[in-house]
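Q: Mind looking over this structure? Questions follow.
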Amino acid sequence: MNKREAEYYEITENLVARCNLCPHQCAIPPGGEGICWARKNEDGTLYAQNYGRTTSLAVDPIEKKPLFHFRPGSEILSVSPNGCNMRCPYCQNYTISFKKAVTREITPQELVSLAKEYNTPSIAFTYAEPIIWFEFIKDTSKYAKEKGIDLVMVTNGFISEKPLDELLEIISAMNIDLKSMSSEYYHKVLKGDLEVTKRTIEKASAIIHIEVTNLLIPGDNDTEIEDLSRYLASIDKTIPLHISRYFPHNDYDKPPTPIDTLKKAYDTARKHLYYVYIGNAPIEGCEDTYCPDCSNTLVERSGYTVKITGINKDKCSNCGRKVDFVL
Ligand code: SF4
């Protein structure tokens with residue numbers, strides 16, 4: 001594959017490239033790489049050296065992303081870059097996010113052809129952080145559009161404003177991690193920025209379908225769910241919130257989130273938001289969707305089995321309220 005020059009950078013003194021794709025704004029000297037390893041400076045030209053290099057390729061249920069309100073029950077071709085621009089110490093995908101992993105090459109055309117071959121209506125850029133695959137996603141979008149395939153990102157939302165605006169023209173849905181409501185925690189522990197992720201949520205929710213995931217970690221963020229739900233409700237009460245059970249990974253060895261903590265978080269979030277789900281834990285009823293007006297069960301879920309039980313065309317089969325789904 002031909003080398004792809006990176007977008008969103010400028011050359012400063014001594015041929016140092018400043019990458020503007022995300023707010024880290026890495027200053028990359030000739031021969032050097034950015035924090036995410038996605039970009040390399042070769043004699044004053046910054047290249048997207050991860051272009052078309054993937055660690056993982058699989059067909060998943062779309063509920064696994066998780067996306068519960070976007071084409072429910074469909075399958076999605078999922079593909080991952082190698083690397084990340086944040087450093088969450090509990091990352092469950094740290095082997096492909098923080099370590100240089102084995103990759104294989106795939107072109108945008110091949111990726112779209114695979115989606116056609118496997119009959120998946122959408123492609124997800126997921127597992128590791130897709131923001132650092134900006135050029136590859138952008139190029140894939142040209143072919144995907146021709147074939148009527150939607151593109152989805154599962155992301156930490158840590159991206160500069162201009163490239164985000166470009167992505168929002170080509171991406172149909174995002175699941176965005178909102179990992180904490182503490183700016184200090186974002187800076188010190190995650191090496192990200194709360195305000196940047198909030199900006200991404202706010203901008204994206206105005207243009208495309210979004211869902212938000214919060215990994216609930218005892219002692220880290222389990223007292224923030226009220227704040228977090230209120231914040232999302234202030235944008236739009238219909239944003240689905242996935243509260244995900246933490247399990248020990250990478251540098252974190254504290255025990256998994258207790259089921260009682262998850263249940264309490266669910267009840268708290270439901271006071272503010274119409275659609276709240278518990279992930280990574282089998283708690284009866286906490287994966288189903290209920291009509292906000294009449295409480296009719298619209299969609300029943302168990303694991304990745306999905307039954308659309310209470311939707312007639314695009315309305316609640318009981319009260320006729322228009323449902324908040326992309327069907
Ligand atoms: S995208 Fe990567 S290279 Fe660019 S600023 Fe962010 S971490 Fe640095």
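The values are calculated or read from the model by the stated rules, or taken from the named source; none is laboratory data. Quantities reported herein were computed from a predicted structural model and do not represent experimental measurements. Positions of Cβ are generated from backbone atoms using ideal geometry, with glycine treated the same way; all protein chains shown enter the neighbour counts.
Q: Tell me the strands (runs of 3 or more DSSP E) entirely within segment 55-156 that contain at least 3 residues that are modelled with pLDDT of 95 or more and not aliphatic (A, V, I, L, M).
A: 75-80
Q: Still on this structure, please answer the following. Please work out which residue is farthest from the ligand (Cβ to nearest atom), limiting yourself to segment 10-29 and to residues that are among the aliphatic types (A, V, I, L, M) and in contact with a Leu (Cβ under 9 Å, 6 or more places away or on another chain).
A: At the first step, the residues of segment 10-29 found to be among the aliphatic types (A, V, I, L, M) are 11, 15-17, 21, 27-28.
With in contact with a Leu (Cβ under 9 Å, 6 or more places away or on another chain) added as a condition, the list becomes 11, 17, 28.
Details: I11: 14, A17: 9, I28: 7 Å.
Checked segment 10-29; the qualifying residue farthest from the ligand (Cβ to nearest atom) is I11.
Q: Mind checking whether some residue in segment 126-140 is over 13 Å from the mean Cα position of the chain (by Cα) and more than 16 Å from the ligand (Cβ to nearest atom)?
A: Yes, that holds for at least one residue.
Q: Which pairs do you get when a residue that is more than 8 Å from G44 (Cα to Cα), found in segment 13-30, comes within reach of a residue that is within 6 Å of the ligand (Cβ to nearest atom) and among the β-branched types (V, I, T), reach meaning Cβ atoms under 8 angstrom, with the pair 6+ apart or on two chains?
A: Cβ pairs passing all conditions: L21/I132; C22/I132; H24/I35; C26/I35.
Q: So E7 passes all but one of these: (1) farther than 20 Å from D165 by Cα; (2) more than 9 Å from the ligand (Cβ to nearest atom); (3) surrounded by fewer than 19 Cβ atoms within 10 Å (Cβ to Cβ). Which condition number does it fail?
A: Every listed condition holds for E7 apart from (1).
Q: In segment 31-48, what count of residues is obtained for those that are touching a residue at least 24 places away in the same chain (Cβ under 8 Å) and either more than 10 Å from the ligand (Cβ to nearest atom) or of a type in the set (A, V, I, L, M, F, W, C) (or both)?
A: 10
Q: Separate question: How many residues, within segment 279-327, are out of contact with any strand residue (DSSP E or B) (no Cβ under 7 Å at 6 or more places or on another chain) and either closer than 23 Å to R245 by Cβ or part of a strand (DSSP E or B) (or both)?
A: 9
Q: List pairs: first in segment 49-69 and touching a residue at least 60 places away in the same chain (Cβ under 8 Å), second charged (D, E, K, R) and assigned to a loop (DSSP other than H, G, I, E, B), Cβ under 9 Å, 6+ apart or cross-chain?
A: Qualifying pairs under 9 Å: Y51/K3; Y51/R4; G52/R4; I62/R71; E63/E287; F68/E287; H69/D324.
Q: Another one. So how many residues does segment 269-284 have that are farther than 22 Å from Y304 by Cα and surrounded by fewer than 15 Cβ atoms within 10 Å (Cβ to Cβ)?
A: So the answer is 1.
Q: Could you please let me know if G157 is in contact with a Ser or Thr (Cβ under 9 Å, 6 or more places away or on another chain) and on the phi > 0 side of the Ramachandran plot?
A: yes
Q: Just a yes or no: is a residue in segment 110-119 farther than 19 Å from M174 by Cβ and among the β-branched types (V, I, T)?
A: Step one: filter segment 110-119 for residues farther than 19 Å from M174 by Cβ, giving 110, 112-114, 116-119.
Okay, now just the ones that are also among the β-branched types (V, I, T), so 112.
For segment 110-119, residues farther than 19 Å from M174 by Cβ and among the β-branched types (V, I, T): present.
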